[in-house]
Amino acid sequence: MNAKNEQAWLQQVCRIAVQAGERILSVYFAAEPAKVEQKSDGTPVTLADKEADELISEALRIMTPDIPLVTEESIETIPFENRQAWSRFWLVDPLDGTKEFIERTGEFSVNIALVAEGKPVLGVVYVPVTRILYCAMAGLGAYKNRVPENPDLQFWQACMRPESRIFSQRLDSQQPIRVAVSRRHGGSVKQFMQALGSVETVKMGSAIKTCLVAEGAADVYPRFGPTSLWDTAAAQCVVEEAGGKLLDKQGLALTYQQSESLLNPHFMVIGDTNYPWPDFP
């Protein structure tokens, strides 16, 4: 596989994410509210999750038949024994922010990442309601585009143009620190914000919070609650290529080895890597 192939893959994955977003919106804007079911772990799932999962899985298998695939909706069907030796795989959350989808906040995304040797090397995060597309590839930068209603080939070919490139921001000591948080953040996040001093909260759902740090619209996103690998991989590629970091309690970048649970440790997304951020609560 060469860099040219990878760039072509990124364009294709962007298209796949947008197509999945269209499928999600058809359920989101349907006359009848989407029926909500409970998965075995107690988390909600809707028709939109399932349809987006089906579309993405089929498209990726056609595009890269030799690369295995893990998605939030298919993980229960793939035993750990089958995936523990994978060194390269697609990691997908077809609808990140199902609760936001159900509550109709619009703050949900499609997340698709390619993981190689434990690192996300390609990442796409698409926000269907706003049509904002974030994409990144290791060594090639991070980009943000607004997808037109009927994107043509020229749009996809230009999605990595220099004027679309995004960068995380250095902190301005004269301004409050902008903290991206979910609408359901708990006491640990409040404790962390108290340690920061003067702050301004930016409330947002799903992986979009990490992308806000990547584009310089937020300074930090602390996450001290449960998440899974598919929640973070795509956005981690975006923020790292934008100059920021997604770090665990030890200050190390999150890695993506196969495990039984595929759960992440607590983490923090930072834009300014030189700032003396407080310890985790």
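Quick notes on this structure:
- Residues in region 29-49 that are assigned to a loop (DSSP other than H, G, I, E, B) and at negative phi: PHE29, ALA30, ALA31, GLU32, PRO33, ALA34, LYS35, LYS39, SER40, ASP41, THR43.
- Against the numbered list (1) in contact with a helix residue (DSSP H, G or I) (Cβ under 8 Å, 6 or more places away or on another chain); (2) over 30 Å from ARG83 (Cα atoms), GLN154 comes up short only at (1).
- Boolean, PRO222 is at negative phi, outside the structural domain of THR71 (by TED's automatic domain parsing) and modelled with pLDDT under 95: no
Residue-wise test of (1) of a type outside the set (A, V, I, L, M, F, W, C); (2) within 22 Å of VAL45 (Cα to Cα); (3) at pLDDT 95 or above; (4) not assigned by TED's automatic domain parsing to the domain that holds LEU55.
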| site | (1), (2), (3), (4) |
| --- | --- |
| GLN84 | yes, no, no, no |
| VAL125 | no, yes, yes, no |
| ILE132 | no, no, yes, no |
| ALA138 | no, no, yes, no |
| PRO151 | yes, no, no, no |
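- Failed item in (1) on the phi > 0 side of the Ramachandran plot; (2) in contact with a helix residue (DSSP H, G or I) (Cβ under 6 Å, 6 or more places away or on another chain), with ALA235 passing the rest: (1)
- Per-region count, region 258-277, residues touching a strand residue (DSSP E or B) at 6+ places or on another chain (Cβ under 9 Å) and part of a loop (DSSP other than H, G, I, E, B): 10
- Qualifying residue in region 75-82 (condition: without any contact (Cβ under 8 Å) to a residue 60 or more places away in the chain, farther than 30 Å from LYS203 by Cα and among the aliphatic types (A, V, I, L, M)): yes
- For region 210-230, taking the residues that are farther than 12 Å from ASP272 by Cβ and of a type in the set (A, V, I, L, M), the one that is surrounded by the most Cβ atoms within 10 Å (Cβ to Cβ) is identified as ALA214.
- Answer from GLU22, GLU6 - the residue that is over 23 Å from ILE75 (Cα atoms), in contact (Cβ under 8 Å) with a residue 40 or more places away in the chain and in contact with a Pro (Cβ under 8 Å, 6 or more places away or on another chain): GLU22
- Qualifying positions in region 43-93 - polar (S, T, N, Q) and surrounded by fewer than 16 Cβ atoms within 10 Å (Cβ to Cβ): THR43, SER74, THR77, ASN82, GLN84, SER87
- For region 98-130, the set of residues classified as surrounded by fewer than 24 Cβ atoms within 10 Å (Cβ to Cβ), touching a residue at least 24 places away in the same chain (Cβ under 8 Å) and within 20 Å of LYS203 (Cβ to Cβ) consists of THR98, LYS99, GLU100, ILE102, ARG104, THR105, GLY106, GLU107, VAL129, THR130, listed by residue number.
- Considered as a group, the residues in region 1-37 that are modelled with pLDDT under 90 and among the polar types (S, T, N, Q) include one that is surrounded by the fewest Cβ atoms within 10 Å (Cβ to Cβ), and that residue is ASN2.
The values are calculated or read from the model by the stated rules, or taken from the named source; none is laboratory data. Please read all numbers here as calculations on a predicted model, not as lab measurements. Note that we place each Cβ from the backbone using ideal geometry, even for glycine, and neighbour counts take in every protein chain shown.
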